Each structure stands twice: as C-alpha cells, then as structure tokens.
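Contents: one structure, followed by commentary.
The values are calculated or read from the model by the stated rules, or taken from the named source; none is laboratory data. Every value quoted in this text rests on a predicted model; they were computed, and no experiment measured them. For neighbour counting, all protein chains shown are included, and Cβ atoms are generated from backbone atoms with ideal geometry for every residue, glycine included. SASA here: full protein model, heavy atoms, side chains in, ligands and nucleic acids out. Shrake-Rupley method; radii C 1.70, N 1.55, O 1.52, S 1.80 Å.
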Amino acid sequence: MTDDKGYKIATKYWDVTKHLADDRIQLLADEQIQAAGTLLQQGGTVAFPTETVYGLGADARNTAAVDTVFKAKGRPSDNPLIVHIAHRDQLEELVLEVPPLASALMDAYWPGPLTIVLPIREGVLSPRVTAGLNTVGIRMPDHPVALAIIEAADCPIAAPSANVSGRPSPTLASHVREDLDGRIGAIVDGGPAGVGVESTVVRVLDTGSIQVLRPGGITDKQIKDVTGAKIVSGSSAESEARVAMKPQNNSQLEETDTEALPLVGQQPDKLVPLSPGIKYTHYAPQGELSIVKGDSPDKVAAWIEQALLREAERGAVTGLLAFEEHLDLYHQPAGSVISLGSLAHLDEAARILYAALRRFDETGATFMLAEACEEDGIGVAVMNRLVKAAGGRIITIE
Ligand code: TXA
Ligand code: MG
C-alpha cells in the first residue's frame with residue numbers, strides 16, 4: 001500500500017548491516033572524522049550516526065560545550081545526558097565501580113545499544129552532563145563512524161539524541177538538519193541509523209536485580225540470558241508518576257524513563273520523582289496520534305477505518321500506521337498510510353517508527369491512528385515510544 005504520493009516508507013530503508021559493511025560509506029565518513037574530532041576537542045558540537053539514532057555530541061568534560069547541546073535541543077537541564085566511549089579502558093577514569101553484572105552486560109553487548117548507569121567519579125565530567133546526579137549513563141555505540149569520531153576526539157562524548165526535545169528522534173542526517181540546522185557545529189551523515197529506537201538504559205540494583213530505566217535496542221531476554229538476574233521494569237511506578245506529573249501544556253520536555261526510582265509524597269498530585277526522569281515525553285508528531293488495539297485485527301481495522309473517515313469528513317488530514325499483515329483490511333485508507341513492516345519482524349517497526357512520525361508532519365496530518373504490536377522483544381521498545389508519541393492515548397476495541 002502507498003500513500004497519496006506513492007510513498008511506502010518501509011522500502012526506503014536500507015539493510016543497515018549491508019550499509020555499514022559498505023566500504024565507500026566508511027571512506028566518505030573517514031574524510032569527515034578528523035574534522036569532527038577536532039571540532040569536538042575545541043568545544044564544538046557534532047551530530048553523528050550511531051546504531052540506534054543520531055546523537056548530538058560534545059566533550060563531556062566541557063561545560064560550555066554541553067550547554068550548547070542543551071540549548072540546541074531545548075532540553076530541560078535536569079535531564080542527564082548519556083556519555084559515549086570507544087574503549088572499555090575509558091571507564092576506569094569515569095566511574096567508581098563496575099558491578100560484576102554490569103561487567104557481564106558490557107562483555108556481551110558492548111559495543112551496542114545498551115547504556116549502563118554507574119556511580120560517577122566526582123569532578124571527571126561537567127556537572128551539567130549528569131544534571132547533578134551521582135551516577136552517569138555510559139554506552140559504547142556499535143557504529144564505526146561513532147566509534148571513530150569518539151576516538152578522534154579523544155575524550156568522553158556526551159550525546160543525547162540529535163532532535164529538538166519533544167520531537168521524534170532522528171534516524172537520518174536529514175532529520176537532524178530539519179531540527180538543528182544552524183544551532184550546532186556539524187552533521188556527519190552516515191546514512192540511516194540501524195536499530196531505530198534508542199539504547200536500553202539499565203542499572204544494577206543492590207538487590208542484584210537489573211532495572212530497565214528505558215526499554216530499547218537490547219531486550220529484557222538478552223539481559224536475562226547473560227546475567228540470570230531478575231529484571232525490574234517499574235512501569236507501574238512510571239504510570240503513577242506520569243499521572244502525577246501530567247504536563248500543563250504541550251510541553252517540550254523530553255522523556256527519561258527512570259520509572260522505578262522511588263517517589264516521595266502520598267497524594268497522587270503531590271508525587272515528586274527523586275530522579276530527574278519520569279518526564280512526559282513525546283517523540284510526538286504535530287497532529288494528534290492515538291493507538292488502537294484489540295484482539296481482532298478485523299475489528300480494529302474496521303474501527304480505525306470508520307474513525308479516519310469520520311475525521312476526514314470533518315476536515316482532518318488523516319494518517320494511518322499499520323502492520324504489513326493488516327494493510328489489506330483497509331479499503332478506504334487514510335490520507336497517508338505508512339507500513340511498519342511485518343508483525344513477525346518488529347525490528348523493522350523499530351527502524352521505521354521515528355521516520356514515519358516525521359513523515360506524518362510532512363503530509364500535514366492532523367489526526368493519526370496507529371495499530372499496536374505485541375510487547376515482546378524489541379516490541380517493548382516500539383510500544384514504549386509509540387505510546388509516548390501518542391501522549392498515552394490508547395483505544396481498546398473489545
Ligand atoms: O541510543 C541512545 O541512547 C541515543 C544515542 C545518541 O546514543 N542517545 C539517547 O540519549 O537516547 P537521550 O539523551 O535522548 O536519552 C538519554 C536517556 C534519558 O532518558 C535520560 O534521562 C537517561 O538516559 N539517563 C541519562 N543519564 C542517566 C542517569 N545517570 N540515571 C538515569 N537515567 C539517565
Ligand atoms: Mg532523546
């Protein structure tokens with residue numbers, strides 16, 4: 001199925017493994033890597049590809065540089081940044097200790113889409129990076145361009161996703177340009193990011209459990225396979241907090257999923273997170289997105305189709321995010337239909353999701369509906385981001 005411009009987003013994406021194996025891309029990037037490294041050393045900001053999404057990097061020791069990152073993104077100053085390294089031996093100077101379970105995770109999944117929160121050594125990074133916390137989230141990205149740039153800069157690189165806070169994260173250099181052109185030093189174009197959703201953020205608790213602060217590219221099962229640890233996701237605490245901290249307006253605040261951290265206060269409206277996280281994020285398109293779920297794909301599709309027609313009659317520009325298996329169930333589809341790929345390969349949905357949300361903005365969509373997928377494997381991260389993009393609007397069809 002295609003939309004009115006004959007656009008089928010799934011086919012636009014390359015297989016990232018093939019892409020990264022392409023020597024020409026590597027050579028092209030090599031020309032820019034020294035320049036990017038020098039710019040970072042001089043306190044500049046550089047957007048670069050990682051295997052998850054594009055990041056906006058700065059020298060994590062340089063407060064002025066880190067400030068530029070916060071300003072360019074419009075990111076609230078209490079939301080800490082992830083620090084990226086290229087070698088395990090960079091860890092020692094940054095953190096006080098690495099628990100054995102964290103070490104096991106690094107052995108298995110670094111470089112890769114896993115961020116591990118560890119106790120920071122005082123004074124080694126700009127305090128702006130950690131937003132005053134005594135921990136730091138560290139990750140080693142699995143992308144040759146990212147690793148080469150970090151190496152060339154020869155310092156720990158603070159890098160949030162290279163989007164304006166509240167917008168979908170960038171999976172292409174053009175997304176970064178859309179959001180941040182003129183506000184940052186440089187963009188290194190390495191083609192499409194791979195996983196498509198951000199890294200999984202974890203910390204090892206004193207109890208020996210592993211807390212998933214944000215689901216992402218590494219699944220619960222992958223964490224369990226390596227550590228045997230109990231996984232705590234804390235989503236109930238998160239939803240409690242979200243109710244308590246509902247934004248007053250269409251806030252630009254960005255997510256942090258530090259959900260299971262303790263809350264203080266008794267009354268729901270008085271709950272205050274002890275962590276800077278638990279914010280209301282978006283990844284939101286400009287129009288109104290809702291998720292429609294139910295056991296029967298036929299019933300869900302029929303409901304969606306009716307709702308889209310009704311809204312279109314009222315003048316809305318409509319959009320639909322659906323899975324490949326269900327596309328034929330829609331007879332009079334929305335203004336634009338974007339396939340999230342097959343339900344049997346949710347990694348494709350992860351890779352496509354943010355670009356799809358940005359595509360809706362391009363079409364001027366004002367009312368969008370999305371099918372849901374199973375929250376299993378990478379589907380956990382896909383649904384986590386989709387629910388945020390939808391501002392929590394979920395319609396269940398019996
Ligand atoms: O895949 C990724 O992680 C991408 C690429 C660029 O590496 N980066 C990314 O960064 O997603 P950002 O800033 O968009 O998200 C960082 C998340 C936020 O939810 C933040 O609250 C959380 O990590 N975080 C960072 N440091 C933390 C800490 N010390 N404790 C708890 N959460 C932390
Ligand atoms: Mg982000």
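Within region 95-138, work out how many residues are on the phi > 0 side of the Ramachandran plot and within 16 Å of ligand 2 (Cβ to nearest atom).
1
Within 30 Å of E375 (Cα to Cα), open to solvent by 10 Å² or more (accessible area, probe 1.4 Å) and either in a strand (DSSP E or B) or modelled with pLDDT of 95 or more (or both), is that true of V124?
For V124, the condition - within 30 Å of E375 (Cα to Cα), open to solvent by 10 Å² or more (accessible area, probe 1.4 Å) and either in a strand (DSSP E or B) or modelled with pLDDT of 95 or more (or both) - is not met.
Which residues, counting only those in region 138-152, are outside any helix (DSSP H, G or I), open to solvent by 10 Å² or more (accessible area, probe 1.4 Å) and not acidic (D, E)?
M140
When region 197-223 is examined, which residues are found to be more than 16 Å from ligand 2 (Cβ to nearest atom) and in a loop (DSSP other than H, G, I, E, B)?
Of everything in region 197-223, those that are more than 16 Å from ligand 2 (Cβ to nearest atom) and in a loop (DSSP other than H, G, I, E, B) turn out to be L205, D206, T207, G208, S209, I218, T219.
Is it true that G194 is within 16 Å of ligand 2 (Cβ to nearest atom), touching a helix residue (DSSP H, G or I) at 6+ places or on another chain (Cβ under 7 Å) and over 21 Å from V69 (Cα atoms)?
So G194 fails the test.
Within region 320-334, track down each residue that is open to solvent by 40 Å² or more (accessible area, probe 1.4 Å) and touching a Ser or Thr at 6+ places or on another chain (Cβ under 8 Å).
E324, E325
So how many residues does region 66-100 have that are of a type in the set (A, V, I, L, M) and free of Cβ contacts under 8 Å to residues at least 24 places away in the same chain?
Final tally of qualifying residues: 1.
For region 208-228, indicate whether the set of residues that are under 16 Å from the mean Cα position of the chain (by Cα), more than 13 Å from ligand 1 (Cβ to nearest atom) and at pLDDT 95 or above is non-empty.
So far as region 208-228 goes, yes, one or more of its residues are under 16 Å from the mean Cα position of the chain (by Cα), more than 13 Å from ligand 1 (Cβ to nearest atom) and at pLDDT 95 or above.
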